[in-house]
Amino acid sequence: MHPEDQQLIAAFLDGDTEVVSRVREWLAQASRRFRPQLRASWEDVQQELLLEVTSLLRSETFRGDSRLRTYLWRVAQCTCLNLLRDQKRRPQDSPAETEFPELPERGPSVLRRIEEAQAVTQLQQLMSSMPADCRRLWTLILAGQSYRQMSEELGIAVGTLRVRVLRCRRKAQALWDSWSAEAQRFQQQQRSPRRRRAVK
Amino acid sequence: MTSEHAVGCESVAELLPWWLNGTLASDEARDVQEHIQQCDSCRAELRQTRRARDLHAGHVPAEELVDYALGNLPDGPHFTLVQEHVQQCEACRQELELVTSPATRDAGTGGAPTVAAPTPLARANVHTDSVPPGTWGVQTWRRLAVAATLTTFVLGAGWFYERWQWQEQARTNTSTLQEPVLNPPVLNLLASTPVAVARGSQAPASAFINEVTLPAGSPLLTLVLLDGTFDEATTSEAELQILDAQGQLVWQGNNLTRNRDGHFTLTVPAEVLPQSAFTLQVMTIGENPQVLRYEVKTLLASN
């Protein structure tokens with residue numbers, strides 16, 4: 001990590017007024033393009049950006065792969081995009097379960113099963129790996145149902161429902177992490193030896 | 001902090017999907033809101049919940065979309081998955097355009113960019129690819145035409161330069177066969193002085209220096225100049241200078257314009273870029289000419 005960035009982070013987390021102000025400026029500038037869509041809650045957006053950055057820096061998520069300002073620019077884009085999606089909530093985008101193609105239940109890896117299946121997109125193929133009951137639960141959530149409504153409709157206790165949804169969410173994260181890890185290994189294996197040859 | 005909110009964290013983690021879909025009771029929603037403002041682990045849970053929501057809704061997560069827009073996704077399954085989805089999903093295409101658009105007051109011009117077909121050397125360079133007809137206006141098409149002309153001219157100049165270099169090397173019995181670079185590597189640069197100042201006035205000290213690694217082996221590079229701003233009186237045309245560390249002019253491009261996303265871009269021969277540090281100056285042409293600076297420190301990639 002660049003020494004200047006280390007100092008900036010330390011000063012920011014200590015609450016140095018000047019550094020916090022500078023970071024606010026960077027975030028405001030990086031998020032400006034989203035202002036027309038998030039105008040109604042712009043002050044809240046700026047506050048959310050600062051909280052997100054504070055949380056990420058405190059968690060030492062930033063490893064110095066880029067300069068701090070570049071990292072903050074990316075965080076601003078991701079946070080604003082997520083806030084935009086929250087705003088839309090997308091109840092109309094819930095996919096019909098029948099649209100998910102069926103994957104072979106067994107195979108050497110998630111990536112290999114996806115390659116072997118015939119389906120529309122890789123993303124749909126990936127999500128087909130999720131258990132049907134998880135997809136069903138999330139379909140109802142995306143349709144805008146409260147947990148009480150879902151509990152009544154599915155005939156299960158509220159507490160049980162909440163725990164099941166939490167487990168499904170963790171399965172989705174594990175699936176994504178597993179796919180990402182396999183994709184990285186696949187990419188490393190595909191690197192051509194020619195690329196390693198020095199070019200004069 | 002986590003230990004103080006141990007019980008709260010468990011409940012909050014369970015409630016997050018319904019907090020996101022807006023169906024929690026007002027007191028529950030307020031409790032969740034207040035909790036995640038103070039708890040780092042629950043903020044991490046919120047990120048994962050949003051990711052699960054997006055995946056189940058059939059969309060790529062926001063982080064992957066932003067990395068794709070910035071050209072940070074390496075060639076491979078990640079890149080292919082996002083590109084494939086963006087080509088088919090109108091909503092994500094619009095979000096991609098939003099991420100790559102300049103900060104203007106009137107956003108949302110409609111239409112959707114297509115993404116370049118993948119090549120082994122391509123990144124998500126949505127700034128220089130041509131697009132099919134859509135719902136764009138005349139202004140956008142005019143900018144596209146000018147950007148395409150400029151890009152063609154620069155690439156043609158680069159090709160002739162490369163060809164001359166090859167002939168020179170062949171003449172001296174050294175051979176450096178190089179593949180034609182159809183899609184040069186992309187370097188995204190952030191403005192060092194993000195607000196443009198009047199030409200001739202003293203620019204403030206650089207607040208930010210881009211540290212970039214110059215890819216070895218490519219004769220051309222595409223530079224994308226991000227987050228710079230000009231006031232409304234500025235015209236859309238500009239010229240660009242590259243200065244070395246001593247302030248000497250090493251390269252100049254005239255009549256540079258913005259591409260369809262509003263970013264200034266240019267493709268230059270890699271050899272014109274000084275090896276240690278350089279400055280890009282974008283200077284607008286018009287009634288109130290202004291200057292924008294990008295400071296760069298360069299490192300050569302190891303082979």
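The values are calculated or read from the model by the stated rules, or taken from the named source; none is laboratory data. Bear in mind the structure is a predicted one, so any value in this text is a computation, not a measurement. We place every Cβ from the backbone using ideal geometry, glycine too, and count neighbours over all the protein chains shown. Side chains included, ligands, DNA and RNA excluded: accessible areas come from the protein's heavy atoms. Shrake-Rupley method; radii C 1.70, N 1.55, O 1.52, S 1.80 Å.
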### Query
What is the spin-label model distance, in nm, from B:Ala216 to B:Val195 if the labels are put 7 Å beyond Cα along the C-beta direction?
4.3 nm
### Query
In nanometres, what is the gap between the two model label sites at A:Ala132 and B:Arg142, each 7 Å from Cα along Cα-to-Cβ?
5.9 nm
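Rounded if a/c is under 1.5, else prolate if a/b is larger than b/c, else oblate: which is segment A:125-169, with a ≥ b ≥ c the root eigenvalues of its Cα gyration tensor?
Numbers: a/c = 2.35, a/b = 1.67, b/c = 1.41.
Because a/c hits 1.5 or more and a/b exceeds b/c, segment A:125-169 counts as prolate.
Mind checking the full-extension length gain between A:Gln87 and A:Arg170? Use 0.36 nm per residue of separation minus the Cα-Cα distance, one decimal, nm.
Working: separation 83, 0.36 × 83 = 29.88 nm, distance 2.34 nm.
Contour length minus Cα-Cα distance gives 27.5 nm.
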#### Entry: In sequence order, calculated HN-Hα J values of segment B:43-56 (Karplus, 6.51, -1.76, 1.60; Hz; x Gly/Pro)
5, 5, 4, 5, 4, 5, 5, 5, 4, 4, 4, 5, 5, 5
### Message
I need the phi-derived Karplus couplings for segment A:62-71: 6.51 cos²θ - 1.76 cosθ + 1.60, θ = phi - 60°, integer Hz, Gly and Pro marked x.
### Response
6, 10, x, 5, 9, 6, 4, 5, 4, 4
### Summary
Pseudo-spin-label distance B:Ala44 to A:Leu154, built 7 Å along Cα→Cβ, given in nm, is 2.6 nm
#### Entry: Contact surface A-B: accessible area buried, both sides summed, square angstrom, 1.4 angstrom probe
7000 Å²
